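Everything below concerns the one structure shown next.
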Amino acid sequence: MILSILSVFILAILVPTLHKITGNKIAYLLSLAPISIFIALFYYHLNGTTFPIRESWEWNSYFNLELAFYLDGLSLLFGLLISGIGFLIYIYAGFYMKNAKYNGRFFMILTLFMGAMLGLVLADNWLSILVFWELTSITSFLLIGHKNEKESARYAAWQGLLVTALGGLALLVGLVLTGIVTEEYTISNLSQHHELLTQHTLYIPILLCVAVAAFTKSAQFPFHFWLPNAMAAPTPVSAYLHSATMVKAGIYFFARFSPILGGTIEWQILLSSIGGITMIMGAIMAFKADNIKKLLAYSTISALGIMTMAFGLGTETAIFAGTVYIIAHALYKSTLFMMAGILDKQTGTKKISEFPVSLYKKLPLAFAIVCLAALSFAGIAPFFGFVAKELLLEMVLHSPMLSAVYVAAMLITSVFFVALLFVLTHKAFFKGFKKPALKNIHKGIYIAPAVTALTGLVFGLFPDVLSNLTSLASSNISPEFESKHLALWHGFNNAFYLSLISILLGASIYFLSLKVNWKLKLGFLKPLQPSKIYDFLFDGLITFGQWQTRKIQTGYLRNYAMVTLLVILVLTGFTFFYKAGIRINTESLDIYIFELILGLIVLIALGFTLFTSSNISALLSLSVVGIAISIIFMEAGAPDLAITFFLIDALTITIFVLILHKLPKKMLRKKNFDRIRDGFIAVGTGLLVTLILFSITYNPLNSKLKEFYAENSYSAAKGKNMVNVILVDFRVLDTLGEICVLAIAALGVFALVNYTKNKKLD
Amino acid sequence: MEFLLSILVGLLFAAGVYLLLHRDFVKLVIGIVIIGNATALFIFVAGRIVRQNAPFIQENGLPPENFADPVPQALILTALVIGFGIQAFALIVFKKVYDIPKVDKIDDLKK
Amino acid sequence: MNSFILRNSAKIIVPFMLLFSVFLLFRGHNLPGGGFIGGLMAGAAFILDAFANNVAHSLKILRFEPVKIMATGLLLAVISGFLGLILGDGFFKGYWLNIEIPLIPKLGSPLLFDIGVYALVLGMVLKMVLPNIEND
Amino acid sequence: MGYEKIIILLTLIIPMLTAIISLFFKKNRIVNNYISIIGSSLLLITTTAFLFPLIVENEILTTQVGGWKAPFGITIVADMFSAIMLVIASFVGLMVNIYALENIDYKKKEFSFFVFFQFLMMAVNGAFLAGDIFNLYVWFEVMLISSFVLLVLGNGTKQLIATVKYTLLSFIASAFLLVGVGMIYGISGSLNMADVALYFREHPNEPLMTVAAVLFMLPFAIKAALFPLYFWLPDSYHTPKISVTAIFSGLLTKVGVYALIRCFTLIFIHDVHYTHTILMVAAGFTMLSGVFGALSKVNMRRILSFHIVSQVGYMVLGLALFTPLAIAGAIFYIIQHILAKTNLFLITGVVEKIKGTSNLKGVSGLYHRFPVFSIIFLVVALSLAGLPPLSGFWAKFILIKAGFEQQEYLMIFVVLITGLLTLFSMMKIWVNAFWGKQQEEPDRNLITNEKSLFKEHWSLLIPIILMASFTLFIGLFSMPLMKYATIAAEQLMNPLQYIEAVLGTAN
């Protein structure tokens, strides 16, 4: 399994090169990959291989993460769907995308997606799941945005990615939490920890995370809005990703996690309510839609809601019904999507109301195929959709609680599905207003939808061929499941009557809607639509970002300096008073007259520097400060320091003077308010520094460095000037850094002065 | 012993900070210089003041009694020189900025 | 700044300052002074000369480009550390020659380092200040 | 004193000698290029082929400059964390150096661009190896002054203004760092990190220790661009040549983060509740504030600059969580961030080369003509955004796991939101610049198709491709890096090992 999935990826990478060689035939070439996988899986299935099969390759042993694959009934079912429909999609796309631009990258990403999707349903370690999960998101993103010249495609792609990425993060958290609770990272072993998990305090967070992840991927309310927009993708993509496979990843998840997290009341309520809401909403929205792809997208949302509800209810019937419905839905929905693409190509429009009149005459084949699929969609016998629908109705009739509510919900959904049947057949092929101007198209494009539609019919007539597969899959979802047989005819039971009612009601709603122009006046709910909320959040985040950036990144240097100094002052000051407190060594209070005089000189000079408005006098007073400080150094046993300080001060003043004549003689003054504010910051900083110094000098310092240098500077380092010995010997590396700074500064100054000049100095 | 000088360091810091927040380039640079001096003096005081003797080994090969700690001095020397390099560079940069048309105070540096 | 008095006094003062700077450099290991102070003093001498005559003149008596002086200074400083590195006593381990020559201090690798500092500081001062003088 | 000590020091000597030699030959264009490339390559060889295996073998290596024993001379220490940082820094250095061959024009090279570049590398290496707080300060200053000059080289108006801001704020940071150093000496009478750490171990009740910790934290926070002290970064990174921005983005803030991690795992560990809570709050705000800043921008460079801020938050979060796992996560994050972010800037440079601007309003439809280049961007951007199994995912995952173990749920929420918004803005770049209508190129643009891009501008693309493959590698095969990051984190969380290695067991 690892090898085959890896080879799909390698194949994907080779696609652009292959495309150059084979041109338009690339699609048929690539279709060999899914069909061989399909055959292999099918062979496993027929051969009665004992499931499960597991393969793994260690990826990161720190976290028990591995690239692990696990083939049981459930993944077999999905694997067959992905590869089988994938094969047909390639054939279809070969015609559909003929001579289109950028086919190389299109097929590359499509193939990547297929690999990722296969990987996702086969993955058995939660890391592998995450990897493939996000890979499907990304490939979906790239495919939705394939026609990225269009603004709408870019918007839709971005939206889809963000929503599913949100789900990805939820999944990450959910799986990390599961790991923390159980110390187990292999999905297939997790069901052993069912009790531990469901009784743990972290159960609700885990459940919510996993559910949100699956909801986003499977376009459940309130995350459903990305899916209709995703119809901006080329139609093969819509047919493959956004109806048959990727959106079912969430459903797959519910199935996979049923034995791990399922069976609790929380699970039931969460999944079945969200699923229920989604299925009704999707069905109504689909009925309201005119764009055929949007219509199908909404009906897909609705169907996904049904599946979510099924796995939420979690009874044996429900699970079996859900499993069967996955197959039925994949078959008819991909057919319908492919047909939507064909109709779009031929009529030049996606809007049903703009289809040419009496289309069924011009495109009888198309009409026939759409009928086959739509009948299955509406759950009419003898199509496979009927089998599924019977089971679903059976499920709601025997639901563990609130049976009436579920029945009503299911009934409403079925009614609209039937109404949609008429939209897709009657409205699309018999109504219409435009003059026909059909484009010609290669008939081969019909092969794939015909196959899926006919398969639906065949499975409807002989549902028992699927009994094995669906029972096997169901038994993986619910351990207690006992295998069941599928049959077309269950007799005149309640489910059948409900089915009949739904057909009648659906038909009447459709024909009523043709006569009456009924519009729901729900405008006031618009701001509450999830897509509106998404847009609001999207814009809101950006607006907030701009606001906070304007506030922080004002561009005013003075603000920056002030905030920086304030943060330093406040944080250090708080820490000082909170953790240390004021300490003054009273013995140090003796005052030297000499220092006092020097201090007063510095004080006066500083005051002058602060408040003078003349450059020259500021500089003069600055140099007085410097001289006074160097005298302090001299007097306190630091002659080297004093000399250096003096020289540096002189050099600084020299450079200052040299460039000063470029600057104005008079200085700007501070505003009054600024003075007070800056004064507070300044005095605060000064006070804090003084207090810190008091506190430092509270205790005498026992410096072993001093003693060591005194002992060794002459005997070992041959120098009497300890400071110099430290500089050139004990701490020579500092001095090396220091001279580097000087060199860089000099070169920098040189570059600054001369860069824009033509003449060069040296 | 460090009482007065501690206050002096505080004063220097206060003056430097006040100047750092100035709208005028020259004052800003003077502020940088003063803060540099203040940190030097801070290290000096933090390393304790000994007023009797400079850290030189005497003729007899022994250090004098009660000599000043050479370590802070060496640190300050290094820091001062580094500070000088940065100040000189900053000075020229500020002057260059001042040459940009329409810039004559710090507030003009928005953008 | 091109006065006669300044030019003539510079002729006398500049060589003295240069000599004094070397003196400061050499005595630095035992008394106040050292490479940095010496280098600054030497730099000051050239600046004085540049004020008294002009920048081109002081560059001429300098003979070497300030950049090269700086580079040489850096190189000397690093090289003074190599001996210890090669002999395995540690980077910048100080080594001293056991000969006493009058007027010249004890020779050793730390002195070489100090000379490097001296050269670098000299070059730095020239590089930093001279372009600004020419701007006048 | 074996050859291993020489190896450690070579990481400082090689860039320095390279800088000096190119100073001698600064007029010669070709020689200048070659010297710098040779220097950077030698550095990379030294770190990867010699230094790193040594550290793997010996755990912590020290050497005493000047041969004076530990607390008295300056100690150079290389542990696993330093070694990892050195390897990655020298790798990024070489890559940017190659890129700069074309990206930096002759005039800037004549004004010693490569000298500053090499000095910067030396300072960065020095900071990674410093075992002495004052020495650390010195390397910081060397790094700062080189970065000032690199930032302003070219004298553009915007550059000058950016440099003023950067200079002033860095100066404030340095001044207070120096105050912190003075304070440490005033308290403990020592400068050697291990010795200071030992002092605080023996005097856990020293009241000023926490104050000193905060005084160290704030300057490092400014240099690492933590909220609310990151002003300088977004206001300066969009102004210089892209090679300069790239090396800054890779190394400057990370040295700040390195210093934070070093000091707050070795020295200031006695009031973790207080100090690391401050760090955690700062980290949370940094992540959010940075990512929101990125949302508000439409220029690739500015978006990426703000993301640096946000991602520094992740790294500091790792430190603040203060478990071996979290710190390993932080280290992993640093490495992958350096690789990915530097590369994204380099890619932005190519976009500028193609379109003449990095403003998203002026760029669109790159994917049509430059598919391979676009895919490289996509892979790197997704790595940064943390999609599994790419490199950013692992870092994020480790932090989330560590966060759950410490029960910092709010922080995890912040991490997740930031991750989503990072993806948001990476995709904003993709959707706007790489997708969309293909523009008609004005005549001045020479690069019209991918072939000519790869043929004529190979020196721009080689670093991009190499770094992208490396990013991909540490994502797909995260084990080796994870292993070394864990070793490094364990060493960091066990400071006694460090202290013993520096001061010897006798002490």
- Query: Got at least one residue in the range D:243-254 being open to solvent by less than 10 Å² (accessible area, probe 1.4 Å) and basic (Lys, Arg)?
  - Reply: yes
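Taking the options A:Thr278, A:Thr300, name whichever one is free of Cβ contacts under 8 Å to residues at least 60 places away in the same chain and assigned to a helix (DSSP H, G or I). If you could, list the steps in order and put the result at the bottom.
On the way: A:Thr300 fails: free of Cβ contacts under 8 Å to residues at least 60 places away in the same chain.
After applying the criteria, what remains is A:Thr278.
Name the single residue that is farthest from the chain's Cα centre (by Cα) among those in the range A:39-92 being of a type in the set (Gly, Ala, Ser) and open to solvent by 30 Å² or more (accessible area, probe 1.4 Å). Let's see the steps before the verdict.
Within the range A:39-92, the first condition is being of a type in the set (Gly, Ala, Ser), and the residues that meet it are A:40, A:48, A:56, A:61, A:68, A:73, A:75, A:79, A:83-84, A:86.
Within this subset, residues satisfying the condition of being open to solvent by 30 Å² or more (accessible area, probe 1.4 Å) are A:40, A:48, A:56, A:61.
Details: A:Ala40: 34, A:Gly48: 40, A:Ser56: 27, A:Ser61: 26 Å.
Ranking the candidates gives A:Gly48 first.
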- Item | Members of the range D:267-284 that are open to solvent by 10 Å² or more (accessible area, probe 1.4 Å) and assigned to a helix (DSSP H, G or I) | D:Val272, D:His273, D:Tyr274, D:Thr277, D:Ile278, D:Met280, D:Val281, D:Ala282
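Conditions tested, residue by residue: (1) within 11 Å of another protein chain (Cβ to nearest Cβ); (2) touching a helix residue (DSSP H, G or I) at 6+ places or on another chain (Cβ under 6 Å); (3) not aliphatic (A, V, I, L, M).
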residue: A:Phe107; (1), (2), (3): no, yes, yes
residue: A:Gly119; (1), (2), (3): no, yes, yes
residue: A:Trp126; (1), (2), (3): yes, yes, yes
residue: A:Thr139; (1), (2), (3): no, yes, yes
residue: A:Ala165; (1), (2), (3): yes, yes, no
- Query: Using beta carbons and a limit of 8 Å, which pairs, at least six apart or on different chains, have the first residue in the range A:572-587 and more than 9 Å from every other protein chain (Cβ to nearest Cβ) and the second one modelled with pLDDT of 85 or more?
  - Reply: A:Gly573/A:Gly684; A:Gly573/A:Leu688; A:Ile582/A:Leu691; A:Ile582/A:Phe694; A:Ile582/A:Ser695
- Would you call A:Tyr534 part of a helix (DSSP H, G or I), of a type outside the set (D, E, K, R) and under 33 Å from the mean Cα position of the chain (by Cα)? yes
- Are there any pairs with C-beta distances below 8 angstrom linking a residue in the range C:45-58 that is β-branched (Val, Ile, Thr) to a residue that is open to solvent by 50 Å² or more (accessible area, probe 1.4 Å), with the two at least 6 apart or on different chains, and if so which? C:Val55/C:Glu134
- Task: Please go through the range D:102-134 and pick out each residue that is within 10 Å of chain A (Cβ to nearest Cβ), outside any helix (DSSP H, G or I) and not small (Gly, Ala, Ser).
- Result: D:Phe111, D:Asp132
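Check whether at least one residue in the range D:296-304 is small (Gly, Ala, Ser) and open to solvent by less than 10 Å² (accessible area, probe 1.4 Å), and report yes or no.
no
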- Task: Scan the range D:190-210 residue by residue and report those that are open to solvent by less than 10 Å² (accessible area, probe 1.4 Å), more than 10 Å from chain A (Cβ to nearest Cβ) and not small (Gly, Ala, Ser).
- Result: D:Met193, D:Val196, D:Phe200
- Task: Pull up the range A:195-227, narrow it to residues that are in a helix (DSSP H, G or I) and small (Gly, Ala, Ser), then point me to the one that is surrounded by the fewest Cβ atoms within 10 Å (Cβ to Cβ).
- Result: A:Ala211
- Message: For the condition in a loop (DSSP other than H, G, I, E, B) and open to solvent by less than 10 Å² (accessible area, probe 1.4 Å), what is the one hit in D:Leu160, D:Leu215, D:Leu229?
- Response: D:Leu229
- Query: When the range A:192-205 is examined, which residues are found to be more than 14 Å from A:Leu271 (Cα to Cα) and either in contact (Cβ under 8 Å) with a residue 40 or more places away in the chain or polar (S, T, N, Q) (or both)?
  - Reply: A:Gln192, A:His193, A:His194, A:Leu197, A:Thr198, A:Gln199, A:Thr201, A:Tyr203
- Message: Can you say whether A:Ala437 is aliphatic (A, V, I, L, M) and buried (at least 24 other Cβ atoms within 10 Å of the Cβ), as far as the supplied structure shows?
- Response: no
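Restrict the check to the range A:388-403 and report whether at least one residue is open to solvent by 10 Å² or more (accessible area, probe 1.4 Å) and of a type in the set (Val, Ile, Thr).
Initially, the range A:388-403 is screened for residues open to solvent by 10 Å² or more (accessible area, probe 1.4 Å), giving A:389, A:391, A:394, A:397-403.
Next, from what is left, pick out any that are of a type in the set (Val, Ile, Thr): none.
Looking for residues that are open to solvent by 10 Å² or more (accessible area, probe 1.4 Å) and of a type in the set (Val, Ile, Thr), one finds none in the range A:388-403, hence no.
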- Answer yes or no as to whether D:Tyr237 is out of contact with any Cys (no Cβ under 6 Å at 6 or more places or on another chain), of a type in the set (Ser, Thr, Tyr) and open to solvent by 10 Å² or more (accessible area, probe 1.4 Å). no
- Task: Would you confirm whether any residue within the range D:50-68 is touching a Lys or Arg at 6+ places or on another chain (Cβ under 7 Å), open to solvent by 10 Å² or more (accessible area, probe 1.4 Å), farther than 27 Å from D:Glu110 by Cβ and at pLDDT below 95?
- Result: yes
- Message: Which condition from (1) within 8 Å of another protein chain (Cβ to nearest Cβ); (2) open to solvent by less than 30 Å² (accessible area, probe 1.4 Å); (3) under 20 Å from A:Asn724 (Cα atoms) is the one that C:Ala119 breaks?
- Response: (1)
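Give the residues of the range A:241-275 that are open to solvent by 10 Å² or more (accessible area, probe 1.4 Å) and part of a helix (DSSP H, G or I), sorted by residue number.
Within the range A:241-275, A:Arg256, A:Ser258, A:Pro259, A:Ile265, A:Glu266, A:Gln268, A:Ile269, A:Leu270, A:Ser273, A:Ile274 qualify.
Residues are listed down the side, and each one gets a yes or a no for (1) over 23 Å from A:Trp133 (Cα atoms); (2) modelled with pLDDT of 90 or more; (3) within 11 Å of another protein chain (Cβ to nearest Cβ):
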site	(1), (2), (3)
D:Lys353	yes, no, no
D:Leu360	yes, no, no
D:Ile376	no, yes, no
D:Pro388	no, no, yes
D:Phe413	no, yes, yes
D:Thr422	no, yes, yes
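Just to confirm my filter: which helices (runs of 4 or more DSSP H) fall fully inside the range B:1-106 and include at least 1 residues that are more than 7 Å from chain A (Cβ to nearest Cβ) and out of contact with any Leu (no Cβ under 8 Å at 6 or more places or on another chain)?
Fully inside the range B:1-106 and qualifying: B:3-20, B:70-99.
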- Query: Do we have C:Phe36 as in contact with a Gly (Cβ under 9 Å, 6 or more places away or on another chain), touching a residue at least 24 places away in the same chain (Cβ under 8 Å) and within 9 Å of chain A (Cβ to nearest Cβ) here?
  - Reply: yes
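I'd like to check which helices (runs of 4 or more DSSP H) are fully inside the range A:1-109 and have at least 1 residues that are of a type in the set (Lys, Arg). Steps first, please.
Details: elements: A:2-22, A:26-46, A:73-96.
Counting at least 1 such residues, we get A:2-22.
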- Just for the range A:158-173: of the residues that are under 8 Å from the mean Cα position of the chain (by Cα) and of a type in the set (Gly, Ala, Ser), which one is nearest to D:Ile400 (Cα to Cα)? A:Gly168
- Task: Could you grab me the full set of residues in the range A:178-194 that are open to solvent by 60 Å² or more (accessible area, probe 1.4 Å) and part of a helix (DSSP H, G or I)?
- Result: A:Gln192
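The values are calculated or read from the model by the stated rules, or taken from the named source; none is laboratory data. Remember, it's a predicted structure, so these values are computed and weren't measured experimentally. Note that each Cβ is placed from the backbone with ideal geometry, even for glycine, and that neighbours are counted across all protein chains shown. Heavy atoms of the whole protein, side chains included, go into the accessibility calculation; ligands, DNA and RNA do not. Shrake-Rupley method; radii C 1.70, N 1.55, O 1.52, S 1.80 Å.
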